[in-house]
Amino acid sequence: MEMDPAKLFQVLDTIDSTNNYAMGQIHAGLAHHGSAWMAREQFSGKGQRGKTWESEPGRNIALSICLNPGAAYHPNPFLFSARLAIICRDFVQTLVPDKVKIKWPNDIYIGDRKAGGLLVENIYQGQSWKWSVAGIGLNINQSDFGELSQKAVSIYQITKLEHDPVALAQNLHARLIEGFDPAEPVDPVQIIQVYNHQLFRRSETIRLKVNEQLIEGKLTGVNLSGELMINDGTEKYFRFGEPEWLI
């Protein structure tokens, strides 16, 4: 029996990390597919590669949702991450007139500035993929990013319109539950095609740093394994964590 999405969504005032909280709920046996927690303030939000995600309290979305990937995404976690990024990109696109893109592997960009980031943490039992906790941070009403002002952007800065972050998070939550319906079949090729269509800097020349070596080439896309494909005369493939973007 499916639960009412509204009953799966909770708002927390202050928390260290919504992902940590969601993980705790899973381990305590209290989470369901679609259980989600939004924090008005988190003081130790998680980002990629062990970085922290900082957000002005009460102004943005800091949301974590528990999802059961089911058999559809086995054995390729990147497909799950790509689907998540597509749903979040499409959601942000409803709020701004500017083009919204996905920066590999799963940042949300408006123009050349970051509007949000995603962090997926998976739970396995043996070889069985049981849960994914998707942490989502989106810049909604923040008007000042200090020293990051050239790299970060919010919906408010683009549109000059303020939104209720809780209402937006509830909308996004409903989209995520619909988008990760365990009963729906998954088409890996279609997911990657859509992901590549929305890929930041695709078909452009980009610069990467790999093991202190500069690589400059055309970004041709991302393959089914989630590898970034760059052509600098020869096709090169990079896994997440290997290259550093130079923007």
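Taking trypsin sites (Lys or Arg not before Pro) that fall in a DSSP loop and have at most 13 other Cβ atoms within 10 Å as cut points, what is the longest piece of the chain between them? Within the chain, the longest run free of exposed trypsin sites (Lys or Arg not before Pro) spans 161-238.
Projecting label points 7 angstrom from Cα along Cα→Cβ for Thr159 and Asp90 puts them 1.8 nm apart.
Computed from point charges on the beta carbon alone (+1 for Lys and Arg, -1 for Asp and Glu), the dipole magnitude for the chain about its Cα centre is near 360 Debye. Per-residue ellipticity at 222 nm from helix content only, as computed over the chain with -39500 (n - 2.57) for each DSSP H run of at least four residues, stands at -7000 deg cm²/dmol. Counted residue by residue at 0.36 nm each, then reduced by the alpha carbon distance between them, the extension gain from Trp245 to Phe43 reaches 70.0 nm. All other residues whose Cβ lies under 10 angstrom from that of Val100 are scored, Lys and Arg at +1 and Asp and Glu at -1, for a net of +1. The aspartates and glutamates within cross-link reach of Lys114, meaning a Cα-to-Cα straight distance under 19 Å and a gap of 8 or more places when in the same chain, are Glu54, Glu56, Asp90, Asp98, Asp144, Glu147, Glu162, Glu204, Glu244.
Using only the Cα atoms of the stretch 205-246, build the gyration tensor, take square roots of its eigenvalues as a ≥ b ≥ c, and label the shape rounded, prolate or oblate: rounded if a/c is under 1.5, else prolate if a/b is larger than b/c, else oblate. It comes out oblate by the Cα gyration axes. Length gained on full extension, Arg201 to Asp13: 64.0 nm, using 0.36 nm per residue less the C-alpha separation.
With 24 Å as the limit, the listed pairs Lys101/Lys160; Lys101/Lys218; Lys99/Lys209; Lys7/Lys103; Lys130/Lys151; Lys99/Lys130 have Lys99/Lys209; Lys7/Lys103; Lys130/Lys151; Lys99/Lys130 beyond it between alpha carbons. Label-to-label distance for Asp112 and Ala71 is 4.8 nm, based on points extended 7 Å past Cα in the beta-carbon direction.
Only the Cβ atoms of Lys and Arg (+1) and of Asp and Glu (-1) were treated as charged; on that basis the dipole of the stretch 205-246 about its Cα centre amounts to roughly 80 debye. Between the beta carbons of Arg175 and Ser128, assuming R0 = 41 Å, the FRET efficiency works out to 0.90 to the nearest 0.05. If a paramagnetic tag sat 7 Å from the Cα of Ile215 along the Cα-Cβ line, which residues of the stretch 181-196 would have the backbone N under 17 Å from that point? Counting only backbone N, you get no residues.
Taken together, the values in this text are just the output of simple stated rules run on the coordinates, not laboratory data. Everything numeric in this text was worked out from a predicted model, so none of it was measured. Cβ atoms come from the backbone with ideal geometry, glycine included; neighbour counts cover every protein chain shown.
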